[in-house]
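Just so you know, all these numbers are worked out from the coordinates, no wet-lab data involved. Because the structure is a prediction, the values reported are computed rather than measured. Every residue, glycine among them, receives a Cβ derived from its backbone with ideal geometry; neighbour counts consider all protein chains shown.
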Amino acid sequence: MSALHTKCLIIGSGPAGYTAAIYASRSALSPILFEGLQPGGQLTTTTLIENFPGYPEGIDANELMASMRQQAVNLGADVRPGCISEIDLSSRPFKAVADGSLEIEADTVIIATGATAKYLGLPSESKFRGMGVSACATCDGFFYRGKDVAVVGGGDTACEEATYLASLCRKVYMIVRRNELRASKAMQSRVAATENIEVLWECNTQEVLGDQTGVTGVRLVRKDGETFDRKIDGFFLAIGHHPMSDMFKQWVETDENGYIVTDGRSSRTNVEGVFAAGDVQDPQYRQAIAAAGSGCRAALDAERYILSKK
């Protein structure tokens with residue numbers, strides 16, 4: 001059986017993938033998009049989104065992703081469930097296999113596979129995910145205005161999240177497993193100067209506490225074995241993200257943390273005809289609107305690439 005051919009193969013959904021499909025469809029690229037294991041991306045693990053433009057009352061994350069998906073479909077995108085299981089970017093057209101059987105040839109590829117937040121792996125953490133457990137302070141911090149929260153981590157990201165939350169919350173606990181912060185001196189100074197941040201040194205999280213309403217506290221264990229509880233309403237993870245780029249590393253350049261490297265402000269990778277959008281190439285912003293914008297750029301870059309080859 002001959003391989004399915006497309007001008008533009010989009011791998012991954014979420015704001016970046018769906019927006020790329022919208023723009024690629026309007027550019028007559030007839031894109032095929034494979035949604036991956038989590039249709040809608042990691043945004044679907046949260047609830048109300050209040051910072052996406054155009055929704056003055058906020059919008060449910062799953063509703064937003066469903067609307068983006070339907071818009072792409074309405075414009076002609078071939079949006080399919082399932083995953084790309086194999087890919088070869090060594091020659092053109094690029095070759096891929098979906099779900100172990102469907103062969104695809106593509107003139108361009110847009111990688112929009114996203115990144116996953118690193119979690120501690122506690123059952124209680126999973127239980128309360130979306131009910132007080134979050135990996136994005138700028139996404140969910142507003143819901144904890146005037147409340148007490150905890151941030152896990154000791155690097156720059158944790159310090160940034162803690163100081164941001166401190167501007168909203170009554171009290172912020174930083175749970176740090178070492179006796180010092182790994183963050184830059186500037187970030188350490190900012191934390192030290194923020195009165196409502198308390199650093200809990202040499203502590204690990206034993207359990208996230210809660211009830212049917214969500215998170216109510218956290219149980220910690222010190223290095224010396226002492227166990228104690230803190231009452232909190234929100235539990236934020238700031239221990240890093242893992243970009244979903246492993247499948248492409250044989251061909252596509254990544255940085256030391258696995259994020260795909262793009263050329264300047266474009267979405268171009270080091271492989272001609274391959275573009276990257278969203279959190280898989282963005283270690284800094286990690287916001288839905290930023291991902292959507294990069295999806296737009298990737299589709300426009302793909303269109304220009306195809307036109308340049310005529």
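With 10 Å bins beginning at zero, the pair-distance distribution over Cα atoms of the range 119-237 amounts to 15, 50, 32, 3, 0 %. Shape descriptor for the range 56-206: Rg over Rh equals 1.11 (Cα atoms; Rh from the Kirkwood inverse mean 1/r). The alpha-carbon atoms of the range 263-310 define a convex hull whose volume equals 62 cubic angstrom per residue.
Cβ crowding within 10 Å, taken as a proxy for footprinting-reagent exposure, orders 222, 265 from fewest neighbours to most as 265, 222.
Shown for the chain: cysteine residues without a partner Cβ closer than 4.7 Å, namely 8, 83, 159, 169, 203, 296. Arranged from fewest to most other beta-carbon atoms within 10 Å of their beta carbon, 129, 182 become 182, 129.
A cut-off under 11 angstrom between Cβ atoms defines the neighbours of residue 92, and their net charge, with Lys, Arg +1 and Asp, Glu -1, is -2. Remark on the range 20-76: hydrodynamic radius 12.3 angstrom, per the Kirkwood mean of 1/r across alpha carbon pairs.
Of the residues 107, 99, 279, the one that moves most in a GNM of the chain with alpha-carbon contacts below 10 Å is 99. Choose one answer from 186, 290, 162: the residue with the largest mean-square fluctuation in a GNM of the chain with alpha-carbon springs under 10 Å. The residue that fluctuates most here is 186. For helix 14-26, report the angle its Cα long axis makes with the longest principal axis of the Cα atoms of the chain; keep it between 0 and 90° and round to the nearest 10°. Result, in degrees: 20.
Counting neighbouring Cβ atoms within 10 Å and putting the fewest first, the residues 27, 134 line up as 27, 134. When DSSP beta bridges are restricted to pairs lying wholly in the range 119-237, around 45% turn out antiparallel.
For a quick check, take a GNM of the chain with Cα springs below 10 Å and name the residue from 185, 118, 127 with the largest mean-square fluctuation. So, out of 185, 118, 127, the one fluctuating most is 185. The Cβ shell under 12 Å around residue 248 holds other residues with a net charge of -3, Lys and Arg each +1, Asp and Glu each -1.
Charged neighbours of residue 82, selected by a Cβ distance under 10 Å, balance to -1 (K, R count +1; D, E count -1). For the chain, the longest principal axis of the Cα atoms and the long axis of helix 288-308 meet at an angle of about 20 degrees.
Plainly put, the chain has a radius of gyration that is 1.03 times its Kirkwood radius, both from alpha-carbon atoms, as the Rg/Rh ratio.
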